[in-house]
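Before any comments, here is the structure.
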Amino acid sequence: MNQKTDYIAVFDSGVGGISVLRHLCRLMPGERFLYFGDSANAPYGSRPEEEIRNLTLAAVRRLVSRGIKALVVACNTATSAAIEDLRREYPDLIVVGIEPALKPAVDHHPGGTIGVMATEATLRQRKFMTLMTRLSENCHVVMLPVPGLVKLVETGLAESEETKTLLEPVLTPWKGKLDALVLGCTHYPFASETIAELVGEGTELLDGGEGTARETLARLSQRNLLERGEGQVVLENSLGSREIMELSASLLQQ
Ligand code: DGL
């Protein structure tokens, strides 16, 4: 039986999910959060679907053994590969998975041109294809994979010349042409200043972090599992190095 005082587990392939954790902490300051980033195996986005699924299931099993009342999959790539398996394996657990914020983008800009930056794995998977097919009648979707950006964020170079050099050829051709740009990977909000500069002021940047936090709040509230205690955040990472722990802490504080 889940207890109010159990952790809310937050999982990502690395430090990216901290962009979601920040929304969760803001919305539910009295909760105990247990964040696990699998940086030793990041990036997930260039791996085959089965590998992503196996890595996700293994990480979640360890989290569940710690006593959790909810699981937030703060990784678009892991959500598309494994959310159905997770729901099957833990039918009584609250499981919330982040997805690219394409629906809000279309709602804000009907008939508009919408870019979606996400990992290669997210963009090729059935979950995203289904979403895109459903919504593409009302907009023009441009897929913008950016291999390499996750690694830069993982090494503390989210807002840097290296990021600008990587993104310039992908985003500059779209400068001033996109109504909205969906940041469909939880690592990308950490590079949002560089991204905004490259696509131009008129483009709205959207990510699913806040929506995911709101849904988690609603699901906990429905089951009367919200806690109004002291609040706590435990950060853990499969790399375990001092550098990755310092980076995690600094991204949380940003
Ligand atoms: N942060 C993850 C996402 O939201 C993916 C990063 C990776 O490729 O490992 O998709």
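The values are calculated or read from the model by the stated rules, or taken from the named source; none is laboratory data. Remember, predicted model here, so these are calculated numbers, not experimental data. Using ideal geometry, Cβ is built from the backbone for each residue, glycine included, and neighbour counts are taken over all protein chains shown.
In segment 146-165 there is at least one residue that is more than 17 Å from the chain's Cα centre (by Cα), within 16 Å of the ligand (Cβ to nearest atom) and farther than 30 Å from MET28 by Cα. Per the listing THR113, THR172, the residue uniquely at pLDDT 95 or above, surrounded by 15 or more Cβ atoms within 10 Å (Cβ to Cβ), farther than 19 Å from PHE190 by Cβ and more than 16 Å from the ligand (Cβ to nearest atom) is THR113. When segment 116-145 is limited to residues that are within 11 Å of the ligand (Cβ to nearest atom) and part of a strand (DSSP E or B), the one that is nearest to LEU220 (Cα to Cα) turns out to be ALA118. Does ARG26 satisfy the condition of being part of a helix (DSSP H, G or I), loosely packed, with under 15 Cβ neighbours inside 10 Å and in contact (Cβ under 8 Å) with a residue 12 or more places away in the chain? Judged against the criteria, ARG26 is a match. State which residue is nearest to the ligand (Cβ to nearest atom) when the search covers only segment 90-110 and only residues that are crowded, with 18+ Cβ neighbours inside 10 Å and outside any strand (DSSP E or B). Per the stated criteria, the residue is ILE98. Name the single residue that is farthest from the ligand (Cβ to nearest atom) among those in segment 1-55 being out of contact with any Leu (no Cβ under 8 Å at 6 or more places or on another chain) and β-branched (Val, Ile, Thr). Across segment 1-55, the extreme among qualifying residues is THR5.
Every listed requirement among (1) free of Cβ contacts under 8 Å to residues at least 40 places away in the same chain; (2) within 26 Å of MET245 (Cβ to Cβ); (3) exposed (fewer than 15 other Cβ atoms within 10 Å of the Cβ) is met by LEU152 save one, (3). Checking the stated criteria, VAL60 turns out not to satisfy the condition of being assigned to a strand (DSSP E or B), at negative phi, more than 10 Å from the ligand (Cβ to nearest atom) and modelled with pLDDT of 95 or more. Note on segment 124-170: among residues that are out of contact with any Ser or Thr (no Cβ under 9 Å at 6 or more places or on another chain) and hydrophobic (A, V, I, L, M, F, W, C), the one that is nearest to LEU198 (Cα to Cα) is VAL170.
Among residues that are in a helix (DSSP H, G or I) and small (Gly, Ala, Ser), ALA81 is included. Once segment 29-50 is narrowed to residues that are in contact with a Gly (Cβ under 7 Å, 6 or more places away or on another chain) and surrounded by fewer than 18 Cβ atoms within 10 Å (Cβ to Cβ), the residue that is nearest to GLY148 (Cα to Cα) is PRO29.
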